[in-house]
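Here the structure is laid out as structure tokens; the discussion comes afterwards.
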Amino acid sequence: MKFFFWLVVFSVLFVIWVRSIERHSIYFPMKEVKIAPDAIGLPYEEVYFKTSDNIRLHSWFISNDKAGFTIIFCHGNAGNISHRLEKIALFYKLGLNVFIFDYRGYGKSEGSPSEPGLYKDVDAAYKYLVEKRKVPENNIILYGESIGGAVAVNLAAKNEVGALITEETFTSIKDMIKIYYPLIPHFIISSKLDSVSKIKNIKSPKLIIHSIDDEIVPFRLGEKLFDAAKPPKKFLKIRGSHNTCFLDSEEEFTEGIRSFLSEIKYGNME
């Protein structure tokens, strides 16, 4: 009986320890928003909107007079929207409206991050564009970097959008656990972020971008995500580190997205 008792105690403590590691390994929010788009000459509107569970989120809407599409920017797991100005500028130069928001617990947004919470956050961002801004669903481009790709995939699997773009996005937490914590049973991890099973349900055009040099999310996971997706789809292979590959391969990154958007606009995706 004593052995059984201590086994139960150990198991409970182990799960608590693993869940603590899980939370601190997935989310790295920063609260201070140090800079805004006008610092790099971009006009913007500061927007607050609420989620279905009444969490107030902070966002920026960067309007482009030449825009045919509006991009919902789902950022990665660290920092906040003020750390994405270089990429915002790149999308603006591509002739896009940019709607970037902070997940709950990030920047000026209320709450604390969680997988279900992030899904509610992007749902609210989508609803804001469609209902408040009157942006047609097929004019919305979902873009997600790293963990933001999982957030974007989850939305695109349930809603009509013009297209989905992911960059350096992993397939699932299960696959990442096998790489970084091979001795921890994946079934005790509460987060799933299972993009590989959801992406097959997305009918919209898809562009999967991944660097062969990614030191955090292996290139093979980007390939696996692409393979799971159904046409129409394209794969863009670039070079550079996980966080800077869009700059390390700026020409290829920019032209790859430009070409993809052109194919969507003129209906040439296969």
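The values are calculated or read from the model by the stated rules, or taken from the named source; none is laboratory data. Remember, predicted model here, so these are calculated numbers, not experimental data. Note: ideal-geometry Cβ built from the backbone for every residue, glycine included; neighbour counts use all protein chains shown.
The table for this structure:
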{"quantity": "Selection status of Tyr128, of a type in the set (Phe, Trp, Tyr), at pLDDT 95 or above and over 15 Å from the mean Cα position of the chain (by Cα)", "calculated": "yes"}
{"quantity": "Residues that are at pLDDT 95 or above, aliphatic (A, V, I, L, M) and assigned to a helix (DSSP H, G or I), drawn from region 148-191", "calculated": "Ala150, Val151, Ala152, Val153, Leu155, Ala156"}
{"quantity": "Matching option when the condition is closer than 22 Å to Thr171 by Cβ, in a helix (DSSP H, G or I) and either aliphatic (A, V, I, L, M) or modelled with pLDDT under 95 (or both), among Leu90, Leu118", "calculated": "Leu118"}
{"quantity": "Flag if Tyr92 is of a type in the set (Phe, Trp, Tyr) and more than 24 Å from Lys34 (Cβ to Cβ)", "calculated": "no"}
{"quantity": "Residues that are in contact with a Cys (Cβ under 8 Å, 6 or more places away or on another chain) and closer than 14 Å to Ser146 by Cβ, drawn from region 210-237", "calculated": "Ser211, Asp214"}
{"quantity": "Filtered residues of region 34-67 (kept if assigned to a loop (DSSP other than H, G, I, E, B) and surrounded by 14 or more Cβ atoms within 10 Å (Cβ to Cβ))", "calculated": "Ala36, Leu42, Tyr44, Thr51, Ile55, Ser63, Asn64, Ala67"}
{"quantity": "Test: residue in region 42-60 that is among the charged types (D, E, K, R) and touching a residue at least 60 places away in the same chain (Cβ under 8 Å)", "calculated": "yes"}
{"quantity": "Verdict on Ile55 being among the β-branched types (Val, Ile, Thr) and within 18 Å of the chain's Cα centre (by Cα)", "calculated": "no"}
{"quantity": "Inter-residue pairs, beta-carbon under 7 Å, first within 21 Å of Gly144 (Cβ to Cβ) and in region 257-270, second at pLDDT 70 or above and in a helix (DSSP H, G or I), 6+ apart", "calculated": "Met269/Glu263"}
{"quantity": "Near pairs, Cβ below 8 angstrom, 6+ apart or cross-chain, from region 145-160 (buried (at least 23 other Cβ atoms within 10 Å of the Cβ)) to any residue that is hydroxyl-bearing (Ser, Thr, Tyr) and part of a helix (DSSP H, G or I)", "calculated": "Gly149/Ser195; Ala150/Ser195; Val151/Tyr119; Val153/Ser195; Asn154/Tyr119; Asn154/Ser195; Leu155/Tyr119; Leu155/Tyr126"}
{"quantity": "Boolean, Tyr106 is of a type in the set (Ser, Thr, Tyr), within 18 Å of Tyr48 (Cβ to Cβ), in contact (Cβ under 8 Å) with a residue 12 or more places away in the chain and part of a loop (DSSP other than H, G, I, E, B)", "calculated": "yes"}
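Residue-wise test of (1) of a type in the set (Ser, Thr, Tyr); (2) at pLDDT below 95; (3) outside any helix (DSSP H, G or I); (4) crowded, with 21+ Cβ neighbours inside 10 Å.
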site	(1), (2), (3), (4)
Ile208	no, no, yes, yes
Asp213	no, no, yes, no
Ile216	no, no, yes, no
Phe235	no, no, yes, no
Leu247	no, no, no, no
Ser259	yes, no, no, no
